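Everything on this sheet refers to the single structure shown next.
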Amino acid sequence: MSDPTQDLQLQTDYIVVEGPIGVGKTTLARRLADSLGCSCLLEPAADNPFLDRFYTEGRRHALSTQLYFLLQRHQQMSVLEHQDLFQPQLVADFLLQKDRLFAEVTLDAQELALYNQIQQSLDTRGPVPDLVIYLQAPAQVLLERIRRRGVPAERHLDAEYLNALIEAYTRFFYFYDEAPLLIVNASEIDLANNDDHYGALLSSIERMQHSGSGMRQYFNPHPTLI
């Protein structure tokens, strides 16, 4: 099998991979960064001391979980705003706006009002990506992938919560126009281990280079079953 990166020519400086829990965004971000020989900025979810409690004990830990993520992402974006990290290229596995997306799913009205006040006081913007790759998959696919990766606290995640996240992502990206958007049907493809699938995605990314904001394309191949 040929190397999918053999003729890779990407000039895109800042790529973000997004999507709901279990869809494979961190795995793809790492592989893209490796292919490009560039830095990879990952959301350190494991560092959040409230996340496991939220998964296992429910929404009474939602506000502390979201505020921790908000401050964490604010710090990461502040680094990007004040340092020249775009030479070489950069791949990240989160958009700053995802924090509000999760907050709207998990917080009640009073908590969301407090969250909004804190978010506005931070006034974090961060750089605009050159390309956003949005990975989609239904809840049952996400549940199976979550089960396979075997993170103990994540076994408490259910289809109802994942469907709420999927709907929130769908609404968000329906209106998203800040950067070119590549929407990927990730249900039946293996971007981690199948070089044909990964190579086809790289070709789609190359075709989207230098696209204007608001431009969107869809990657929905008919892969050979693995």
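The values are calculated or read from the model by the stated rules, or taken from the named source; none is laboratory data. These numbers were taken from a predicted model, which means no experiment stands behind them. Methodologically, a virtual Cβ is constructed for each residue, glycine included, from the backbone with ideal geometry; neighbour enumeration extends over all protein chains shown.
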> Of the residues that make up region 147-170, is at least one among the aromatic types (F, W, Y), part of a helix (DSSP H, G or I), closer than 25 Å to C40 by Cα and touching a helix residue (DSSP H, G or I) at 6+ places or on another chain (Cβ under 8 Å)?
Replying inline: yes
Of the residues in region 126-146 that are touching a strand residue (DSSP E or B) at 6+ places or on another chain (Cβ under 8 Å) and not in a loop (DSSP other than H, G, I, E, B), the one that is surrounded by the fewest Cβ atoms within 10 Å (Cβ to Cβ) is Q136
Within region 33-77, of all residues that are closer than 23 Å to L131 by Cβ and out of contact with any helix residue (DSSP H, G or I) (no Cβ under 9 Å at 6 or more places or on another chain), the one surrounded by the most Cβ atoms within 10 Å (Cβ to Cβ) is A33
Being charged (D, E, K, R) and more than 21 Å from R31 (Cα to Cα) narrows D123, D93, D130 down to just D123
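When you go through L202, L165 one by one, which is the residue that is under 15 Å from V17 (Cβ atoms) and either surrounded by fewer than 17 Cβ atoms within 10 Å (Cβ to Cβ) or not polar (S, T, N, Q) (or both)?
Unique residue meeting the criteria: L202.
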Flagged in region 101-125 as assigned to a helix (DSSP H, G or I), free of Cβ contacts under 8 Å to residues at least 24 places away in the same chain and either among the β-branched types (V, I, T) or surrounded by fewer than 13 Cβ atoms within 10 Å (Cβ to Cβ) (or both), in numbering order, are A109, Q110, A113, Q117, Q120, S121
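Could you go through region 92-107 and let me know if any residue there is hydroxyl-bearing (S, T, Y) and touching a Lys or Arg at 6+ places or on another chain (Cβ under 8 Å).
Going residue by residue through region 92-107, those that are hydroxyl-bearing (S, T, Y) are 106.
In the following step, the residues that additionally are touching a Lys or Arg at 6+ places or on another chain (Cβ under 8 Å) were identified as 106.
Within region 92-107 (the criterion being hydroxyl-bearing (S, T, Y) and touching a Lys or Arg at 6+ places or on another chain (Cβ under 8 Å)), the answer is yes, since at least one residue qualifies.
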Within region 180-216, restricting to residues that are in contact (Cβ under 8 Å) with a residue 40 or more places away in the chain and either in contact with a His (Cβ under 8 Å, 6 or more places away or on another chain) or assigned to a strand (DSSP E or B) (or both), the one that is nearest to L36 (Cα to Cα) is L191
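Mind telling me which of the residues R155, R171, R149 ends up being modelled with pLDDT of 95 or more, surrounded by fewer than 19 Cβ atoms within 10 Å (Cβ to Cβ) and either more than 17 Å from V16 (Cα to Cα) or touching a His at 6+ places or on another chain (Cβ under 8 Å) (or both)?
Working: R155 fails: modelled with pLDDT of 95 or more; R149 fails: modelled with pLDDT of 95 or more.
Just one listed residue meets the conditions, R171.
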